[in-house]
Amino acid sequence: MGYSRIERETTIIFNEEESTASVWTCSPMTMRKLDKLCDELPDTYRCVLVDDKAQAKRYEMPKKLVSFRKPKVMSEEQREATAERMRAVWQAKKEE
């Protein structure tokens with residue numbers, strides 16, 4: 001039996017002493033993303049534990065890859081210009 005959406009947690013743990021971060025997740029989407037990174041960059045991302053009973057995995061990665069960013073704020077003009085560009089892209093795809 002799988003987890004409900006509210007139970008599909010991801011926890012990232014790191015401290016100031018060590019250079020690695022640990023990611024524990026029950027989220028299938030997060031596991032797919034991290035598994036792909038493990039395949040593409042095995043020297044950087046590692047799956048260190050697969051817990052079939054808990055339907056979870058634990059990964060390790062350099063903590064410098066954990067990022068906290070400010071949200072991108074767009075003005076109304078920028079938003080409209082972006083929307084117009086996307087409408088043009090979709091229109092071009094329809095005409096193909």
Residues VAL89 and GLU16, FRET efficiency given R0 of 41 Å [Cβ-Cβ distance, rounded to 0.05]: 0.35
Rounded, prolate or oblate (a/c below 1.5 giving rounded, otherwise prolate when a/b exceeds b/c) for the range 5-65 by Cα gyration tensor: oblate
Electrostatic dipole magnitude of the chain [Cβ: Lys, Arg +1; Asp, Glu -1; Cα centre; debye, to 20]: 240 debye
Sorted by Cβ density within 10 Å, fewest first, the residues ASP51, ASP35: ASP51, ASP35
The range 34-96 - percent relative contact order, Cα under 8 Å, separation 6 or more: 18 percent
Sorted by Cβ neighbour density within 10 Å, fewest at the top, the residues ILE12, ILE6: ILE6, ILE12
Rounded tilt (10° steps) of 76-95 against the dominant C-alpha axis of the chain: 80 degrees
Selection from TYR45, THR82, PRO28 lying farthest towards where the dipole of the chain points positive, charges on Cβ: THR82
Cβ-based exposure ranking for SER67, SER75, SER22, in which fewest neighbours within 10 Å come first: SER67, SER75, SER22
Folded to 0 to 90 degrees: helix 28-40 orientation relative to the chain principal axis, Cα: 80 degrees
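Read the figures in this text as sums done on the coordinates, not as results from a lab. Quantities reported herein were computed from a predicted structural model and do not represent experimental measurements. For neighbour counting, all protein chains shown are included, and Cβ atoms are generated from backbone atoms with ideal geometry for every residue, glycine included.
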